[in-house]
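Undergrad: Quick one: this structure, given as structure tokens, is what I'll be asking you about.
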Amino acid sequence: MNTYTNASVSLPEALINTFDTFLEQPEHLQTPADLHAFLEKHHIPLAKLPTEAELSAVRELRETLRTIWNAETLTEATERLNLLLTAIHATPQVTQEEENTITLTFQANPQTPLLERLTLAATLDIVTLLQCHGHPRLRHCAAAPCRDVFVDTSRNRTRRFCSDRCANRYNVAAFRERRTANH
Ligand SMILES: [Zn+2]
């Protein structure tokens with residue numbers, strides 16, 4: 001059984017992990033077409049291919065999201081989230097989900113620039129993760145050089161690695177280190 005299979009990976013998590021320092025070619029978003037495919041997969045469809053400028057802006061956003069994800073405290077995360085949100089033009093909307101349920105959502109209109117739509121979606125997702133799981137559960141992989149992020153949903157809050165790949169790699173390295181120390 002793969003302990004690390006996650007039913008649903010959130011948009012910010014997926015976006016941050018499009019740069020994987022563990023791989024020989026760490027950049028998954030190399031071209032506007034890569035970005036287009038990524039956004040489609042995460043239900044942010046675009047009328048046309050993103051530009052090179054939009055691609056590099058998204059890469060910058062990715063690092064900002066990483067800083068928020070890895071923030072030392074919830075206060076720091078909150079401040080950074082608010083900084084991002086001040087640049088967004090979104091309309092609050094109340095939508096009726098079922099007969100007796102309503103939800104407050106924030107909608108960007110279809111003409112809103114790509115970066116704003118993505119920032120809004122990623123920011124709201126991080127807020128939801130913080131509300132549902134709490135700040136300590138937003139983690140990053142302990143097996144350097146990997147920097148992948150994940151939500152620790154383990155019952156005893158002890159998950160340290162993004163994947164089996166990294167857990168195995170870390171254990172092998174630790175084992176070798178112990179052997180060297182013993183000889
Ligand atoms: Zn990892």
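The values are calculated or read from the model by the stated rules, or taken from the named source; none is laboratory data. Computed from a prediction, not measured in an experiment: that's the story for all the values here. Cβ atoms come from the backbone with ideal geometry, glycine included; neighbour counts cover every protein chain shown. SASA here: full protein model, heavy atoms, side chains in, ligands and nucleic acids out. Shrake-Rupley method; radii C 1.70, N 1.55, O 1.52, S 1.80 Å.
Undergrad: Roughly how tilted is helix 164-182, in degrees to the nearest 10 and between 0 and 90, from the longest Cα axis of the chain?
TA: 30 degrees
Undergrad: Further, regarding this structure: In the full protein assembly as shown, how much of Cys146 is accessible to a 1.4 Å probe, in Å² to the nearest 10?
TA: Estimated to the nearest 10 Å², Cys146 gives 10 Å².
Undergrad: Counting only protein heavy atoms, what percent of the accessible surface of region 1-157 is carbon or sulfur at a 1.4 Å probe? Show your work: numbers first, answer last.
TA: On the way: 5020 of 9370 Å².
Carbon and sulfur together cover 54 percent of it.
Undergrad: When only Cα pairs under 8 Å and 6 or more residues apart are kept, what is the percent relative contact order across the chain?
TA: Values: 181 pairs, mean separation 40.4, N = 183.
About 22 percent, as a whole number.
Undergrad: What relative contact order, as a whole-number percentage, does region 60-140 give when Cα pairs under 8 Å and 6 or more residues apart are counted?
TA: Averaging sequence separation for qualifying contacts and normalising by length gives 30 percent for region 60-140.
Undergrad: Something else: For the chain, which cysteines have no disulfide-compatible partner, meaning no other cysteine Cβ under 4.7 Å?
TA: If one checks each Cβ against the other cysteines of the chain, Cys132, Cys166 turn up with nothing under 4.7 Å.
Undergrad: Heavy atoms only, probe 1.4 angstrom, no DNA, RNA or ligands counted: give me His43, His36, His133 ranked by accessible area, highest first. List each step's numbers first, then the result.
TA: Values: His43 155, His36 40, His133 65 Å².
The ranking, largest first, comes out as His43, His133, His36.
Undergrad: Between region 62-130 and region 148-183, what is the separation of their alpha carbon centroids in Å?
TA: 32 Å
Undergrad: At 1.4 Å probe radius, can you tell me the per residue accessible area of region 10-140 in Å²?
TA: Numbers: 7610 Å² over 131 residues.
In whole numbers, region 10-140 has 58 Å² accessible per residue.
Undergrad: Further, regarding this structure: Checking the a/c ratio against 1.5 first, then a/b against b/c, what shape does the Cα gyration tensor give for region 18-176?
TA: oblate
Undergrad: What does the accessible area of Asp125 come to, in Å² to the nearest 10, when a probe of 1.4 Å is used?
TA: In the full protein context, Asp125 sits at about 50 Å².
Undergrad: Within the chain, which is the longest segment containing none of the trypsin sites (Lys or Arg not before Pro) that sit in a DSSP loop and have at most 13 other Cβ atoms within 10 Å? Before the final figure, lay out the partial values.
TA: Numbers: sites that count: Lys48, Arg155, Arg157.
Segment 49-154 is the longest.
Undergrad: Rounded, prolate or oblate, given the Cα gyration tensor of region 1-106, with a/c below 1.5 counting as rounded?
TA: Taking the square roots of the gyration eigenvalues as a ≥ b ≥ c, region 1-106 is rounded.
Undergrad: Still on this model: Below 8 Å, C-alpha to C-alpha, sequence gap of six or more: please give me the relative contact order for region 2-92 in percent.
TA: The value is 19 percent.
Undergrad: Enumerate by residue number the GluC sites (Glu not before Pro) in region 13-106 meeting two conditions: DSSP loop (anything except H, G, I, E, B), and at most 15 other Cβ atoms within 10 Å of the site's Cβ. Each step should come with its number before you reach the end.
TA: Details: sites: Glu13, Glu24, Glu27, Glu40, Glu52, Glu54, Glu60, Glu63, Glu72, Glu76, Glu79, Glu97, Glu98, Glu99; in loops: Glu24, Glu72, Glu99.
Passing both the DSSP loop test and the Cβ count: Glu24, Glu72, Glu99.
Undergrad: Could you give the angle, 0 to 90 degrees to the nearest 10, between helix 114-133's Cα long axis and the longest principal axis of the Cα atoms of the chain?
TA: The angle comes out near 60 degrees.
Undergrad: Moving to a separate point now. How are the Cα pair distances of region 63-149 distributed, in percent, across 5 Å bins from 0?
TA: Answer for region 63-149: a P(r) of 3, 12, 20, 20, 17, 14, 9, 3, 1, 0 percent.
Undergrad: Something else: Give the angle, between 0 and 90 degrees and rounded to the nearest 10, that separates the Cα long axis of helix 52-69 from the longest principal axis of the Cα atoms of the chain.
TA: With both axes taken from Cα atoms, the answer is about 60 degrees.
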